[in-house]
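Okay, so here's the structure we're looking at.
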Amino acid sequence: MGRNLFILAATLLLFSLISCGVAYTNIAQQPGSPGDVSLWRTMGLGLFVVSLIIALAAVLSSLFEQAERRAEQTRRDRRRQ
């Protein structure tokens, strides 16, 4: 599950960078483009924060999975002795 969360965090980070890139170019100021500059910046910042939270959840998930594997291996070693 940790790997899927890392992929999701990377995808949201990419969308965040694209949103911020659109905000700082003239694309958002062209006629017919969606929203205004502040909307693109806010969306980019929001996606970035969500990406960081999901990345933290992925790291914690990976750490707990590793701890469970090591605990299980320790139990097996104790049973063999």
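The values are calculated or read from the model by the stated rules, or taken from the named source; none is laboratory data. The model shown is predicted, which means the values in this text are computed figures rather than measured ones. Every residue, glycine as well, gets a Cβ built from its backbone with ideal geometry; the counts of neighbours run over all protein chains shown. For the accessible areas, the whole protein counts, side chains as well, though only heavy atoms, and no ligand, DNA or RNA atoms are used. Shrake-Rupley method; radii C 1.70, N 1.55, O 1.52, S 1.80 Å.
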Selection count where residues are touching a Phe, Trp or Tyr at 6+ places or on another chain (Cβ under 9 Å) and surrounded by 14 or more Cβ atoms within 10 Å (Cβ to Cβ), scope the range 18-36: 5
Options 49, 22: the member that is hydrophobic (A, V, I, L, M, F, W, C) and more than 16 Å from residue 10 (Cα to Cα): 22
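Scan the range 1-50 for residues that are part of a helix (DSSP H, G or I) and either over 30 Å from residue 61 (Cβ atoms) or not hydrophobic (A, V, I, L, M, F, W, C) (or both) and report the count.
Number of matching residues: 20.
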Pair list, Cβ < 9 Å and 6+ apart or interchain, from the range 44-69 residues that are open to solvent by 40 Å² or more (accessible area, probe 1.4 Å) to residues that are of a type in the set (Ser, Thr, Tyr): 45/16; 45/19; 47/16; 47/19; 48/16; 48/19; 49/16; 50/16
